[in-house]
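Take a look at the structure set out below.
The values are calculated or read from the model by the stated rules, or taken from the named source; none is laboratory data. Keep in mind that this is a model prediction, so the values were computed, not measured. Here the Cβ positions follow ideal geometry from the backbone for every residue, glycine too, while neighbour counts run over all protein chains shown.
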Amino acid sequence: MYIELLILMQIEESPKYGYEIKKEIQNDLGYLTDVNHNMLYPTLRRFTEQGFVTKKINEQNGRPNQYVYEITDSGRRKITDLINAFSDKESKHQIEFLIRVSLFQRISKENQLRILNMRKKDLELLEADLTKWQKKHVRDMYRYEVLQLSIAQVRGEMKWIQELIRKEGE
């Protein structure tokens, strides 16, 4: 679902053609995700059919036509809906979580806290599982070290989330 959100966010910034949308997402979040044509163009087609974006032809001499996508009011509302539509399934995926956090200014404090607490709960369960697995692999040095790193990353994210929750309470 985060791909849909990223695509709409790019179009909301300014009208863009498909390749430009892909490049902008890669420039912004290339370290987190990759957008390929099989994700991008079917999503753009669906958004056009659903009325979230309009598509205009940009005719070019001697080259194939480009289609420029522009967001509609319905598309702007869809962005907020997608940010708020954070489910238990999505809370298990860091990228789904991080992208929504980066867009928190668009949603209510109540929904911000709901999303933060959902992710925190999942991380607490993950930490317990990783700790259990680590105890089973104490003799396997490399596996143990990988699990140790994973536990440290989970704890770091939980600490960060707790700080965000604290700031929301101020």
Cβ pairs under 7 Å, 6+ apart or interchain, first in region 90-112 and assigned by TED's automatic domain parsing to the domain that holds residue 153 and closer than 15 Å to residue 80 by Cα, second modelled with pLDDT under 90 and of a type in the set (Asp, Glu), ordered by first then second residue, are 109/168; 112/168
Name the residue that is surrounded by the most Cβ atoms within 10 Å (Cβ to Cβ), counting only residues in region 19-64 that are touching a residue at least 60 places away in the same chain (Cβ under 8 Å) and over 14 Å from residue 1 (Cβ atoms). 29
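Each row is one residue, and each column tells you yes or no for (1) within 16 Å of the chain's Cα centre (by Cα); (2) of a type in the set (A, V, I, L, M, F, W, C); (3) closer than 25 Å to residue 28 by Cβ.
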site: 100; (1), (2), (3): yes, no, yes
site: 113; (1), (2), (3): no, yes, no
site: 117; (1), (2), (3): no, no, no
site: 121; (1), (2), (3): no, no, no
site: 131; (1), (2), (3): no, no, no
site: 140; (1), (2), (3): no, no, no
site: 143; (1), (2), (3): no, no, no
site: 156; (1), (2), (3): no, no, yes
site: 159; (1), (2), (3): no, no, no
Return the residues of region 60-75 that are under 14 Å from residue 16 (Cα atoms) and not in a strand (DSSP E or B); say none if nothing qualifies. 65, 72
In region 104-157, what residues are surrounded by 14 or more Cβ atoms within 10 Å (Cβ to Cβ) and among the small types (Gly, Ala, Ser)? 150
Every listed condition ((1) in contact with a Lys or Arg (Cβ under 7 Å, 6 or more places away or on another chain); (2) aliphatic (A, V, I, L, M); (3) within 30 Å of residue 88 (Cβ to Cβ)) holds for residue 68 save (3)
Could you please let me know if residue 96 is outside any loop (DSSP other than H, G, I, E, B), over 19 Å from the mean Cα position of the chain (by Cα) and not hydrophobic (A, V, I, L, M, F, W, C)? no
Being among the aliphatic types (A, V, I, L, M), part of a helix (DSSP H, G or I) and without any contact (Cβ under 8 Å) to a residue 12 or more places away in the chain is the filter here, so list the residues in region 113-162 that pass it. 125, 128, 141, 146, 149, 152
